[in-house]
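The values are calculated or read from the model by the stated rules, or taken from the named source; none is laboratory data. Note that this is a predicted model, so its numbers are computed, not measured. Cβ sites come from the backbone with ideal geometry, for glycine too, and all protein chains shown count toward neighbours. Heavy atoms of the whole protein, side chains included, go into the accessibility calculation; ligands, DNA and RNA do not. Shrake-Rupley method; radii C 1.70, N 1.55, O 1.52, S 1.80 Å.
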Amino acid sequence: MRLTFIHGRSQGRRSAVALRSEWLAALKRGLEAAGQPPLRDDLNVQLPFYADVLDSLTSASKPETERALSRGPDEGTSSFAADFILEIARGAGIDDSEISAELGSEPIERGVGNGPFVLAAGRLLDRKIPWLGGELLRRLTADVDAYLNRLDVRMAVHQIVAPAVVGEPTVVVGHSLGSIVSYSLLRECEDTTQVTLFVTIGSPLGMVTVKNRLQPRPLRCPRGVAAWFNASDVRDRVAMVPRLDRDVFPAEIENVSDLHNPKDNPHGISGYLADPIVARHIAAALALAVVCGLRF
């Protein structure tokens, strides 16, 4: 039996060992809060670390995202970055009139083709949701952009992550960009996976901008997944569509959207894994697989 953690954006310059330890420590707190026994000593815990590869591939050729966030897309050009930022802003309750007011005397043409309009939306996000704004928003957008829109990046990430999800029965936990990576990989490798539980936390999978670019098509629950559990904190604007109900994502998914992560970072992995509801789901799936000796 295996437990695989798939991390999210901007983990470069950290070590795989440190990141794995952070995730395990948070899950340990969650298990204790849920009244569950600790993880078995013989459990195979994997955290495939792709951050350095992602950073090296995206820094070699500065992505369109960086241009969009530094000065806005060219006039009349639609970019993933602009779509992504405007969708998050509107999901946070920032409407076009507020963005236009932020522009002041600047051009007020609405939409993704207007660089100043997109940048004004970003400034409003900085002020309204300080933990998400600025550098974090730029890095998140750049990493999601690169993964979804560049085949070389997607293939390189999958090469690192795939060995930790194929083959033996596994509980897969994907956070943030990691939920996008894990979903795409599980669809791609669905005939060689045995996933007793797929856990997505702090996931942007419900965003239209993301769903429109997800591969492979059609969107559905991967065949190798026995159950899917999605958890979010409503204050986590990265998971701006907190419930992946059927009208949002065409799959049978159990949703919990009333978690209460730390106020200063409701998107953080530590808050999610330390939550007793999330920890209880992971523990139950691991126990079921061990007791029943599950095979697909």
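Considering Val195, Val181, which residue is open to solvent by less than 10 Å² (accessible area, probe 1.4 Å) and more than 16 Å from the chain's Cα centre (by Cα)? Explain how you work it out, then say what you get.
Numbers: Val181 fails: more than 16 Å from the chain's Cα centre (by Cα).
Step by step, each of Val195, Val181 is checked, and only Val195 is open to solvent by less than 10 Å² (accessible area, probe 1.4 Å) and more than 16 Å from the chain's Cα centre (by Cα).
Sort out which residues of the range 1-10 are at pLDDT below 80 and either closer than 12 Å to Ile269 by Cα or more than 18 Å from the chain's Cα centre (by Cα) (or both), and write them in order of number.
Step one: filter the range 1-10 for residues at pLDDT below 80, giving 9-10.
If the condition is that a residue be at pLDDT below 80 and either closer than 12 Å to Ile269 by Cα or more than 18 Å from the chain's Cα centre (by Cα) (or both), then Arg9 is the only one that fits.
Could you identify the single residue in Val171, Val144 that is under 20 Å from Trp23 (Cβ atoms), buried (at least 20 other Cβ atoms within 10 Å of the Cβ) and either out of contact with any Asp or Glu (no Cβ under 8 Å at 6 or more places or on another chain) or without any contact (Cβ under 8 Å) to a residue 40 or more places away in the chain (or both)? Let's see the steps before the verdict.
Values: Val144 fails: under 20 Å from Trp23 (Cβ atoms).
Exactly one residue qualifies, and that residue is Val171.
Output the number of residues of the range 252-296 satisfying the condition of being modelled with pLDDT under 95, of a type in the set (Gly, Ala, Ser) and surrounded by 18 or more Cβ atoms within 10 Å (Cβ to Cβ).
2
Based on what the data block shows, is Arg40 modelled with pLDDT under 90, open to solvent by 20 Å² or more (accessible area, probe 1.4 Å) and not acidic (Asp, Glu)?
Values: modelled with pLDDT under 90: no; open to solvent by 20 Å² or more (accessible area, probe 1.4 Å): yes; not acidic (Asp, Glu): yes.
When the stated conditions are applied, Arg40 does not pass them.
Being open to solvent by 60 Å² or more (accessible area, probe 1.4 Å) and part of a loop (DSSP other than H, G, I, E, B) is the filter; apply it to the range 206-220 and report the residue that is nearest to Glu252 (Cα to Cα). Walk me through it before giving the result.
Of all residues in the range 206-220, those open to solvent by 60 Å² or more (accessible area, probe 1.4 Å) come to 208, 212-213, 215, 217-218, 220.
Next cut, part of a loop (DSSP other than H, G, I, E, B) only: 212-213, 215, 217-218, 220.
Details: Asn212: 19, Arg213: 21, Gln215: 19, Arg217: 17, Pro218: 15, Arg220: 9 Å.
Among those residues, the one meeting the criterion is Arg220.
Kindly list, by first and then second residue, each pair from a residue in the range 34-57 that is under 16 Å from Arg20 (Cβ atoms) to a residue that is assigned to a loop (DSSP other than H, G, I, E, B) and open to solvent by less than 20 Å² (accessible area, probe 1.4 Å), limited to pairs with Cβ atoms under 8 Å and residues at least 6 apart or on different chains.
Leu47/His7; Phe49/His7; Tyr50/His7; Ala51/His7; Ala51/Gly12; Asp52/Gly12
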